[in-house]
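Beneath this line is the structure, given in structure tokens, with notes to follow.
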Amino acid sequence: MSKDLSNVRNIGISAHIDSGKTTLTERILFYTNRIHAIHEVRGKDGVGAKMDSMELEKERGITIQSAATHCSWKDININIIDTPGHVDFTIEVERALRVLDGAVLILCSVGGVQSQSITVNRQMTRYKVPRIAFINKCDRTGANPERVTQQLRDKLELNAHLMQMPIGLENELAGVVDLVTMKAVYYEGDNGEVIRIAEIPESMQEAAQAKREALLEEVSLFSDELMEIMVEEGEIDTQMIHDAVRKGTLALEFTPVFIGSAYKNKGIQTLLDSVREYLPCPTDVENFALDLKNHETEVKVTNNPDDPLVALAFKLEDGRYGQLTYVRTYQGVLQKGDTIYNSRTGKKVKVGRLVRMHSDEMEEIESCNSGDIVAMFGIDCASGDTFTDDRISYSMTSMHIPEPVISLAVIPVDNKAQINMSKALNRFTKEDPTFRAFVDHETGETIVSGMGELHLEVYIERMKREYNAEVQVGAPQVAYRETITSRAEFNYTHKKQTGGSGQFGRVAGYLEPLEEGDYEFVDKIVGGVIPREYIPSCDKGFHKCLEKGSLSGATVTGVRCVINDGAYHAVDSSDIAFQLAAIGGFKEGYLKAKPVIMEPIMKVAVEGPTEFQGAVMGSINQRRGMIIGTTDEGSYTAIEAEVPLSEMFGYSTTLRSLTQGKAEFTMEFATFKQVPRGVSEELIKKYQLEKSKG
Amino acid sequence: MGKEELVLNNPLRALGLEEKAEGNGQSMGLVMSRAGLGKTAILVQIALDSMMRGNKVLHISIGESIDKAKSWYNDILSLITKGKNIENIHEVISEILHNRMIMTFKEASFNQAKLEERLDDMVKQNIYKPDCLIIDGYDFNENSRAALIGLRRFMKEQGLKMVWFSAVSHREDSRKSSDGVPAPCHEVDDLFETVLTIKPDNQNIYLDIVKCASCAVKAGLTLALDPSTMLIMKA
């Protein structure tokens with residue numbers, strides 16, 4: 001691979017579910033000669049698209065895990081991460097965006113900007129990812145790229161402008177007019193591989209000229225030189241336009257929009273040209289790391305191959321030959337045989353095999369330069385770990401990881417399944433930080449939690465298929481939480497001094513609500529009333545109390561435990577005595593601190609024909625939902641609401657029957673809110689009943 | 001401090017809109033200024049005052065997104081509650097926001113008939129019955145007097161207490177009604193009980209009470225607005 005970073009593009013492809021990302025990626029791989037035949041996502045040939053390498057993905061026609069791939073187009077090397085469209089797999093999208101320098105936002109020419117496009121756009125903005133847009137499916141009935149571009153401006157607030165004009169639309173889509181070169185581009189041959197450049201059809205010349213002028217007016221804001229030439233009515237050089245568009249795109253102030261139909265093999269090569277022209281190379285983007293040796297001060301990574309290595313492990317996969325770790329290098333060179341350091345664990349590891357990924361196939365390489373995306377074999381680490389050489393200790397800024405909102409019990413059917421399930425859970429939790437697993441000490445059940453029903457469903461399915469772990473699954477449960485709403489004091493003595501070795505410890509202090517964070521322990525003991533060696537025991541005792549709140553058995557969060565007094569016994573005090581004293585103190589203070597139950601609230605977006613607006617709103621109201629607003633899109637209306645997750649089980653069926661299957665919805669976690677009194681009473685009653693049953 | 005104290009401490013109280021928000025009467029209000037001076041901020045303050053009094057508000061935003069309208073409410077609500085020791089603040093805010101629904105329309109697609117149809121649907125199906133309408137971005141150039149009379153009739157039919165509009169005035173258009181209501185609303189000013197205009201003066205911004213029936217303030221009074229928050233400044 002070339003050492004010139006200006007020839008590297010690390011890009012992501014993101015969009016709303018079913019907008020055709022995987023189909024588009026398949027075409028990119030075909031035109032860049034990485035594959036020699038095109039297979040459709042749910043094609044009749046049964047092969048499935050290249051990027052959907054997981055069996056389950058091919059079956060369902062949705063991308064679950066993002067697969068990385070590499071290709072070359074003209075003089076540039078492109079690393080592509082295909083990202084999942086379903087909101088339950090948002091962590092995959094977020095991780096991809098963290099390591100990518102630019103992105104292609106795919107939109108459907110009929111559906112336009114849909115709810116998931118909004119989520120993805122928000123994520124791109126969070127990670128300051130420059131983007132270009134591609135309006136796909138222009139061959140579909142009702143295709144309207146102008147309307148979609150307007151939506152990009154209105155709904156996503158992007159300064160979006162069409163760089164092309166379609167030559168024909170719907171089933172007459174033949175090609176595009178390039179408004180920069182002012183030429184018509186036709187995609188011919190069996191697979192659209194033959195590009196024919198021609199003059200713009202006469203009937204379109206006037207409109208094309210007007211659109212070019214409007215485009216240049218906008219683009220000239222990013223180039224004084226271009227503006228000057230326009231004022232002087234001089235001849236405009238094509239490269240000058242490209243440079244101005246690139247400048248605006250990199251500054252996140254301009255979004256060039258391209259059109260085509262991946263399925264009909266139209267517009268892909270021109271999109272690849274635009275990736276080359278307008279998306280950043282690694283040196284165009286500023287990335288920061290935290291210097292762990294210097295109080296986590298933010299430092300800019302250099303992209304310089306001569307500097308010490310900084311690489312981020314952004315994705316793990318368990319393949320046939322062991323764990324595969326995808327890394328992005330930010331400076332230095334990663335070489336086969338190198339010894340590198342994991343900044344989090346401080347452990348030294350040796351790079352055995354280094355490969356470049358092409359979906360589930362790989363190509364062995366000797367080294368990779370700064371700015372590249374590759375995979376390492378046999379490295380034990382977690383997703384999000386940073387690797388450096390021994391000269392520095394950097395950690396790439398932590399990624400935003402949402403809290404899981406739904407959980408369910410998984411029960412292995414036999415011993416063999418139990419062993420396999422443990423292996424599977426160990427791997428999945430390492431791969432995906434939004435997927436968690438733990439054992440409920442009271443019931444002995446293994447509980448898994450994640451971002452939605454589909455998220456958990458997919459992992460259960462993978463457990464069965466990839467690990468042969470036959471499990472029974474309980475009903476999905478909402479991950480409730482408990483927290484306190486006021487300050488309360490406690491003063492508890494744990495005393496057991498009746499024969500044998502005794503136990504004694506007194507702990508006094510108070511509990512108070514913690515605005516940010518889950519738990520904080522504050523030691524205000526003076527004068528040694530509790531010896532230093534027992535302070536961690538108190539912390540440990542409080543910690544144990546957080547596992548299960550006394551109202552509903554849910555995890556307790558948002559509590560600051562402060563100890564300011566206590567007593568000990570020279571002989572009978574011990575670690576366990578102070579742990580038990582802290583547990584007693586917490587229990588004493590907790591109920592006085594007015595605990596409440598919190599539930600996850602989901603941001604729900606429903607899109608459907610306006611005629612069903614009333615019915616949909618009614619269904620949201622019935623579910624304790626709060627309608628935030630509605631957006632009128634002519635014959636379509638989008639409804640935005642906040643609804644408790646506990647009320648959303650089975651909503652897809654309800655929505656289907658209410659709207660004759662014409663509406664669709666997406667949801668994502670918004671916040672935790674206190675449950676209403678009635679629901680709280682019910683949850684408390686249920687927990688008491690469970691406890692009394694033992 | 002609870003929600004009641006928030007109402008009492010709201011800077012907007014200086015206008016004295018209690019009778020309009022709590023009485024049984026019906027009134028139409030108008031906030032006017034040149035583009036970009038803060039009409040939405042004033043409308044949102046009026047809406048929040050009404051919401052805090054327990055009224056249901058339907059905020060109709062023409063040409064803007066739900067997120068934009070929502071962020072106006074969040075910003076102003078946090079300004080009003082800032083530094084106040086309110087018990088169960090999250091619950092209070094949640095209760096206030098339950099009294100709001102936002103409806104957005106494209107400029108070209110909004111018309112009175114469409115609004116009536118959507119609102120009628122919601123009320124009949126018992127989904128949301130507003131007491132107050134906020135219409136931000138209404139195009140007074142395109143809409144005739146008849147449309148506004150139609151809206152007054154609709155207000156009566158639906159039992160709405162208040163309908164507030166925003167309107168853009170232009171520096172180059174000096175036409176005014178006899179009451180001092182600037183164009184483009186100078187010929188429909190008799191349909192509004194209250195008209196407020198926002199005026200910049202050097203570094204300051206003022207709210208002129210052009211007319212205000214059943215208010216605590218008299219027409220002709222000028223209130224100073226804090227330019228950084230757009231809240232009415234306390235004397």
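The values are calculated or read from the model by the stated rules, or taken from the named source; none is laboratory data. Owing to the predicted nature of the structure, the values given are computational and were not obtained by experimental measurement. Using ideal geometry, Cβ is built from the backbone for each residue, glycine included, and neighbour counts are taken over all protein chains shown. Note: areas computed on protein heavy atoms with side chains; ligands, DNA, RNA excluded. Shrake-Rupley method; radii C 1.70, N 1.55, O 1.52, S 1.80 Å.
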List the residues, sorted by chain then number, that are 5 or more residues from A:N10 or on another chain and whose placed amide H is less than 5 Å from its amide H. A:N79, A:D101, A:G102
Over chain A, with the other protein chains present, what is the accessible area per residue in square angstrom, probe 1.4 angstrom? 42 Å²
Could you please state how large a percent of the accessible area of segment A:482-593 is carbon and sulfur, counting protein chains only and using a 1.4 Å probe? 51 percent
Rounded to the nearest 10 Å², the accessible area of B:H170 at probe 1.4 Å: 90 Å²
Anchor A:K540: aspartates and glutamates whose Cα lies under 16 Å away (excluding residues fewer than 8 positions away in-chain): A:D518, A:E520, A:D523, A:D575
Here the relative contact order (percent) of chain B, from C-alpha pairs under 8 Å and at least 6 apart, is 30 percent
Note: A vs B interface, total accessible area buried (1.4 Å probe; ligands, DNA, RNA excluded), nearest 100 Å², is 1900 Å²
Over chain A, what is the relative contact order in percent, taking alpha-carbon pairs closer than 8 angstrom and at least six residues apart? 9 percent
What distance in nm separates the simple spin-label points at A:E520 and A:Q209, each placed 7 Å from Cα in the Cβ direction? 6.8 nm
Surface share of carbon and sulfur [accessible, 1.4 angstrom probe, percent] for segment A:288-396: 44 percent
Any residue on another chain or 5+ positions along whose placed amide H is under 5 Å from the amide H of B:S27 is listed here as B:M162, B:V163
Net charge near A:K350, counting Lys/Arg +1 and Asp/Glu -1 over other residues with Cβ under 10 Å of its Cβ? +1
Note down the net charge around A:I530, summing +1 for each Lys or Arg and -1 for each Asp or Glu among other residues with Cβ under 10 Å from its Cβ. -1
Gap in Å between the Cα centre of segment A:522-546 and the Cα centre of segment A:498-521? 6 Å
Proximal aspartates and glutamates to A:K74, defined as alpha-carbon separation beneath 16 angstrom and excluding residues fewer than eight positions away on the same chain: A:D4, A:E193, A:D273, A:E277
Work out which residues of segment A:616-648 lose at minimum 30 square angstrom of accessible surface when the other protein chains are put back, relative to the chain isolated, with a 1.4 angstrom probe, and list them by number. A:M617, A:N621, A:M626, A:I627, A:I628, A:T630, A:T631, A:D632, A:E640
Give me Rg over Rh for the protein assembly as shown, both radii from the alpha carbons and Rh done the Kirkwood way, two decimal places. 0.99
Please figure out what share of the DSSP beta bridges in the protein assembly as shown is antiparallel and state it in percent, rounded to the nearest 5. 70 percent
What lysines does A:K336 reach when the alpha-carbon gap must be under 20 Å and sequence neighbours fewer than 8 apart in one chain are set aside? A:K3, A:K315, A:K347, A:K348, A:K350
In whole angstrom, note down how far apart the Cα centers of segment A:640-665 and segment B:97-151 are. 26 Å
Note, ³J(HN,Hα) from phi for segment A:609-624, Karplus 6.51, -1.76, 1.60, rounded to Hz, x at Gly and Pro: x, 4, 4, 9, 3, x, 4, 5, 4, x, 5, 6, 4, 4, 9, 6
Once amide H atoms are built 1.01 Å from N in the peptide plane, which residues 5 or more positions from B:C212, or in another chain, come under 5 Å H to H? B:V195, B:A219
Could you state the number of Å between the C-alpha centres of segment B:63-89 and segment A:366-392? 44 Å
